[in-house]
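Trainee: The structure follows.
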Amino acid sequence: MKITVVGSGFVGQTAAMRLLEKALGDVVLIDIIEGKPQGLALDLQEAAPVEGYEPSIVGTNDYAETAGSDIVVITAGFPRQPGMSRMDLLAKNASIMSDVIAKVTPGSPDAIVIVVSNPLDEMTYLAAERSGFPKQRVIGMAGVLDSARLRYFIAEELGVSPASVEAMTLGSHGDAMVALPRHATVEGKPLPELVDDATLERLFQRTRDGGAEIVGLLKTGSAYYAPSASVVAMVEAIARDTNAVLPVCAWTSGEYGIEDVYVGVPGRLGRGGVEEIVELELNEDELGKLRAAAEGIKEKCADLAKL
Ligand SMILES: NC(=O)c1ccc[n+]([C@@H]2O[C@H](COP(=O)([O-])OP(=O)(O)OC[C@H]3O[C@@H](n4cnc5c(N)ncnc54)[C@H](O)[C@@H]3O)[C@@H](O)[C@H]2O)c1
């Protein structure tokens, strides 16, 4: 597999490291800043003898090196600066996404594109529109991260290993995140049997605010260890064709009564991208929240046309 990571910032560089450590393929790390991806790639190659992975990474500013990629992970983006409105940020990152798609897709027409850049729902939609790729080959990363955060918070609350916690979030990042307590389990037991409603709500709210909590602590920059682990989990499912079902931002065509919008749903991932959207059994309340999240995303994506 040839895997390109666009953007060698914190998420991109840690994703590149994890891809090498997991031996998922040959990695190309690309950025607009001269020297940055080259320096990071060399540093990662120098870690290879110690870590025991193959030093199969190239750092570059030239898209010719990305040609023939099977998977393209896009982490290029601009952080929100003080005084920047949501529309200012949207305009800035939409222009970066359009630029990246225009440069990366001609050489890799069969690639699966995984979008990480924020605002995630809008950037995923834009990447799909600009690339013209079949929608199942353009996927956004948010749900794996939110679900990981929720699983960790549940494990911490109950004093158990995160590995014994299963939980999935759908919808979108932030307030439109749809938590599914009935589908969450701890050591096989349904979560609502283990904690009261107030605790459930506290855990869900902490998950919704998970990104902001880390930004508040770091002061500059945002999370990257869990985000890079999450995107690499998606790459792994695709590269190894595992058919794992992960919560991903995927194009809907009537599933859950939702269509023509990218929204967080359980997707079966394989070499074709999103091979299938899995329809969990949701009650009216859960379904209502998921549909409301989808409507919210449609409205936000409509702002792209106003730029
Ligand atoms: N989806 C999620 O859950 C999630 C989680 C964490 C971060 N993010 C987002 O991921 C993005 C990256 O985060 P980060 O912490 O790595 O940011 P960062 O600022 O450390 O890195 C961004 C990189 O993108 C590069 N870049 C800018 N324009 C480019 C272009 N046109 N082509 C190639 N590279 C370009 C920059 O030079 C920089 O190296 C941000 O948009 C962030 O909000 C999303």
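Trainee: Using a 1.4 Å probe, what is the accessible area per residue for the chain, in Å²?
Mentor: So the chain comes to 44 Å² accessible per residue, rounded to a whole number.
Trainee: So which lysines pass the test for K289, namely a Cα distance under 18 Å, with those fewer than 8 places away in the same chain ruled out?
Mentor: K298, K300
Trainee: Could you give the dipole magnitude of the stretch 16-79 about its Cα centre, charging the beta-carbon of Lys and Arg +1 and that of Asp and Glu -1, in debye to the nearest 20?
Mentor: Around 180 debye, computed over the stretch 16-79.
Trainee: Hey, if you put +1 on the Cβ of every Lys and Arg and -1 on every Asp and Glu Cβ in the chain, which of S253, G210, V195 ends up farthest toward the positive end of that dipole?
Mentor: Value computed over the given set: G210.
Trainee: Can you give the relative contact order of the stretch 1-132 as a percent, counting alpha carbon pairs under 8 Å and 6+ residues apart?
Mentor: Once divided by the residue count of the stretch 1-132, the mean separation gives 26 percent.
Trainee: For the chain, what is the mean residue ellipticity at 222 nm derived from helices alone (per DSSP H run of n ≥ 4: -39500 (n - 2.57); sum divided by total residues; nearest 500 deg cm²/dmol)?
Mentor: After summing the helix terms and dividing by residue count, I get -14000 deg cm²/dmol.
Trainee: Pop the C-beta distance of Q205 and M84 into the FRET formula with R0 = 41 Å and round what comes out to the nearest 0.05. Walk me through the intermediate numbers first.
Mentor: Numbers: r = 26 Å, r/R0 = 0.62.
So the FRET efficiency works out to roughly 0.95.
Trainee: Take each of the peptides 24-37, 43-56, 129-142, average the number of other beta-carbon atoms within 10 Å over its residues, and list them starting from the highest.
Mentor: Order by mean packing, descending: 129-142, 24-37, 43-56.
Trainee: To continue, here is another question. Calculate the dipole size of the stretch 119-243 relative to its Cα centre from +1 charges on Lys and Arg beta carbons and -1 charges on Asp and Glu beta carbons; express the result in debye to the nearest 20.
Mentor: Dipole magnitude for the stretch 119-243 comes out near 380 debye.
Trainee: Past 22 Å, Cα to Cα: identify those pairs from K219/K306; K103/K219; K2/K22, in the order given.
Mentor: K219/K306; K103/K219
Trainee: Run down the aspartates and glutamates and flag those whose C-alpha is under 14 Å from the C-alpha of K92, throwing out any fewer than 8 positions away in its chain.
Mentor: Here the aspartates and glutamates satisfying the reach criterion relative to K92 are E122, D303.
Trainee: Among DSSP beta bridges whose residues both lie in the chain, state the antiparallel percentage, nearest 5.
Mentor: Details: 22 of 42 bridges.
Taking every DSSP beta bridge within the chain, about 50 percent pair in antiparallel fashion.
Trainee: Okay, next question. About the Cα centre of the chain, what is the dipole size in debye to 20, counting +1 per Lys and Arg Cβ and -1 per Asp and Glu Cβ, all else neutral?
Mentor: Roughly 560 debye, rounded to the nearest 20.
Trainee: Mind telling me which of V195, V73, V165 comes out most flexible in a GNM of the chain, alpha-carbon contacts under 10 Å?
Mentor: Judging by the Gaussian network model, the answer is V195.
Trainee: Would you mind telling me which residue in Q13, Q38, Q81 has the biggest mean-square fluctuation in a Gaussian network model of the chain, where springs connect alpha carbons within a distance under 10 angstrom?
Mentor: Of Q13, Q38, Q81, the most mobile in the Gaussian network model is Q81.
Trainee: Related question: Give the accessible area for Y224 in Å² (nearest 10); use a 1.4 Å probe, count only protein heavy atoms, and leave out ligands, DNA and RNA.
Mentor: Around 60 Å² of this residue is reachable by solvent.
Trainee: Moving on to the next point. For the stretch 212-307, state what percent of all Cα-Cα pairs lands in each successive 10 Å bin, counting from 0 Å until the bin that includes the largest distance.
Mentor: Each 10 Å bin holds this share of Cα pairs: 15, 33, 35, 17, 0.
Trainee: With unit charges on the beta carbon (Lys/Arg positive, Asp/Glu negative), name the residue among S228, A76, G140 whose Cα is farthest towards the positive pole of the charge dipole of the chain.
Mentor: A76
Trainee: Right, next: Of all the accessible heavy-atom surface of the chain, with the other protein chains kept in place and a 1.4 Å probe, what percent is carbon and sulfur?
Mentor: Reported share for carbon and sulfur atoms: 52 percent.
Trainee: Given a cut-off of under 8 Å on Cα pairs at least six residues apart, what relative contact order in percent is computed for the stretch 230-307?
Mentor: Answer for the stretch 230-307 is 26 percent.
Trainee: For the chain, set up a Gaussian network in which alpha carbons nearer than 10 Å are linked by springs, and say which option among S228, S98, S147 fluctuates the most.
Mentor: So, out of S228, S98, S147, the one fluctuating most is S98.
The values are calculated or read from the model by the stated rules, or taken from the named source; none is laboratory data. Predicted, not measured: the structure shown is a model, and the values here were computed from it. Virtual Cβ from ideal backbone geometry, glycine too; neighbours counted across all protein chains shown. For accessibility, only protein heavy atoms count, side chains too; no ligands or nucleic acids. Shrake-Rupley method; radii C 1.70, N 1.55, O 1.52, S 1.80 Å.
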